[in-house]
Amino acid sequence: MKLRDLWFDPSHLYIGGTWRPAAGGDTIGVTDPSTGEEITRIARGLPEDVDAAVAAAHEAFAGEWGALDAAERGRLMMRLSELVKARGDTLAMLECLDVGKPLNQCHGDVKQLARYLEFYAGAADKLHGETIPYQRGYTVMTLREPHGVTGHIVPWNYPMQIVGRSIGASLAAGNACVLKPAEDASLSSLALASLVEEAGFPKGAYNVVTGFGGEVGAALSEHPGLHHVSFTGSVGVGRMIQTAAAKNVVPVTLELGGKSPHIVFDDVDLDDALPTLVGACMQAAGQTCSAASRVLVQRGVYEEVVRRMAAIYETMVAGPAPDNHNLGPLVSAKQKQTVEGYIAKGGDLTIAARGKIADTAPKGGFYVRPTLFRDVDPDHPLAQEEIFGPVQVVIPFEDEADAIRIANGTEYGLVAGIWTRDGGRQMRLARKLDVGQVFVNNYGAGGGVELPFGGVGKSGHGREKGFEALYAFTRLKTIVLRHGD
Ligand code: ADP
């Protein structure tokens, strides 16, 4: 199918409040992962376009956008949140066709985008500094000021949510933004630009340059006009972004994925834990940074857990995203190939169960059968590397010490889940796990707009979401005033 009658032109960039083709005039095809067919084209931005977007953001920051009161910024963002909700059905379908995520999950993403904008809208005029007790005759205060112009490079797995958390916090703090969405998932960022326009934001506060990572992404991360860069994506690209930012001596926030462990003890209610655990890996077909990709199970319940998880897998179906199966296709042919490569790497490992591909799934779509491996050695690549697909590994453990050693035994450290009724054990483990977030007897907390999120180790540094993200998008100024007694 072709996308027709969109209310914005996806083959244009959004720079300084105007829509224009890329400097080179080229476009990139957009493929529907459910069918493998091209549905529309987006602009192939070039470094010149990045220059223009950064210049427009500077102008906005020095001009009308930068001059707005915080309360007025908040009102604009609240209006944007309302517009997102009003266009929710269309945004969800657009995302569904662009990234191949089941439509019901895309509706969830729309809600989260609206909620991020609402949360940060409300926070815009509550970003206080402090007064600091100092010597007699002095008053000292801190101000939280915006950096100026911020760059945002986002991936294809949760475009609306990641754009929401990133530009939501940055705009609320008063920065002007330049956004580079993933080439596989740009439509919702462009749709949002049209809503930014409709909400009445001053020109240049939000700019979108679509294109390839090696062209637009690299030019943006290296741009000397940026004051902060935030990136969500792979470790390899994250390293390049940090290197580029280091050359300009600007701060970066990096969220680089994970290999999140779930630790299941033998005292837990398996009816409660297991559907959540499997769902936490199958959401977005496993293409989630916080996917529950490793399940560590205490020996006493190991066989029962494997048997029950296998039974869930056998009911799972991957099919066309608009039809709301358990999972959709992967985002691209390349990603399907990568994930199938990992499954092949499983070699002589035991597959406990596999789901199915729907009979209705078009042959050209990028479907992969959900796959559960059991008895996986904690050092095996399947238990160490981020697969980013519908693949989960189960690993047995003996006791708390063993569980902590295995859980902390990868280069990543994003999120962990603990499943036990023992309160002391919950807290002991939560404190000993090398991760940025720990969930006890639950997982994901419905997106957790309010909850600081980010990793340790190769999962990155800095925190998105909640007030921590707002602080990251400000620079702190200390003012020391001598007034005498
Ligand atoms: P994924 O594995 O999720 O595709 P990537 O790290 O490759 O993760 O991509 C995340 C984002 O980074 C995308 O918007 C992509 O276009 C961008 N990107 C890819 N390569 C580069 C690069 N060399 N410099 C800056 N951004 C890049």
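The values are calculated or read from the model by the stated rules, or taken from the named source; none is laboratory data. Since the structure is predicted, the reported quantities are computational estimates derived from the model, not experimental observations. For neighbour counting, all protein chains shown are included, and Cβ atoms are generated from backbone atoms with ideal geometry for every residue, glycine included. When the accessible area is computed, the model is the full protein with side chains, heavy atoms only, and any ligands, DNA or RNA have been set aside. Shrake-Rupley method; radii C 1.70, N 1.55, O 1.52, S 1.80 Å.
Only residues that are within 26 Å of the chain's Cα centre (by Cα) and free of Cβ contacts under 8 Å to residues at least 60 places away in the same chain: list them for the range 356-372, please.
Scanning the range 356-372 gives Tyr367, Arg369, Thr371.
Given Ala67, Ala114, Ala56, which one is open to solvent by 70 Å² or more (accessible area, probe 1.4 Å) and either acidic (Asp, Glu) or not assigned by TED's automatic domain parsing to the domain that holds Thr360 (or both)? Quick ask: steps written out before the conclusion?
Working: Ala114 fails: open to solvent by 70 Å² or more (accessible area, probe 1.4 Å); Ala56 fails: open to solvent by 70 Å² or more (accessible area, probe 1.4 Å).
Selected residue: Ala67, the only one of Ala67, Ala114, Ala56 that is open to solvent by 70 Å² or more (accessible area, probe 1.4 Å) and either acidic (Asp, Glu) or not assigned by TED's automatic domain parsing to the domain that holds Thr360 (or both).
Go through (1) within 15 Å of the ligand (Cβ to nearest atom); (2) in contact with a helix residue (DSSP H, G or I) (Cβ under 7 Å, 6 or more places away or on another chain); (3) in contact (Cβ under 8 Å) with a residue 60 or more places away in the chain for Val149 and report which single condition fails.
That leaves (1) as the condition not met.
Looking at (1) outside any strand (DSSP E or B); (2) touching a helix residue (DSSP H, G or I) at 6+ places or on another chain (Cβ under 8 Å), which one does Thr253 not meet, given that it meets all the others?
With (1) outside any strand (DSSP E or B); (2) touching a helix residue (DSSP H, G or I) at 6+ places or on another chain (Cβ under 8 Å) applied to Thr253, the lone miss is (1).
What number of residues within the range 277-330 are in contact with a strand residue (DSSP E or B) (Cβ under 8 Å, 6 or more places away or on another chain), more than 30 Å from Leu94 (Cβ to Cβ) and small (Gly, Ala, Ser)?
Residues flagged as in contact with a strand residue (DSSP E or B) (Cβ under 8 Å, 6 or more places away or on another chain), more than 30 Å from Leu94 (Cβ to Cβ) and small (Gly, Ala, Ser) within the range 277-330 amount to 2.
Of the numbered conditions (1) part of a loop (DSSP other than H, G, I, E, B); (2) open to solvent by less than 20 Å² (accessible area, probe 1.4 Å); (3) within 10 Å of the ligand (Cβ to nearest atom), Gly225 fails exactly one; give the number of that condition.
Here Gly225 clears every test but (3).
Give Asp359, Asp348, Asp377 a once-over and let me know the one that is closer than 19 Å to Lys259 by Cβ, of a type outside the set (A, V, I, L, M, F, W, C), assigned to a loop (DSSP other than H, G, I, E, B) and assigned by TED's automatic domain parsing to the domain that holds Val393. Even if it seems obvious, please write down each step before you answer.
On the way: Asp359 fails: closer than 19 Å to Lys259 by Cβ; Asp348 fails: closer than 19 Å to Lys259 by Cβ.
From the options Asp359, Asp348, Asp377, the qualifying one is Asp377.
Restricting the range 269-289 to residues that are in contact with a helix residue (DSSP H, G or I) (Cβ under 8 Å, 6 or more places away or on another chain) and away from the ligand (no atom under 15 Å from the Cβ), which is farthest from Leu103 (Cα to Cα)?
Leu270
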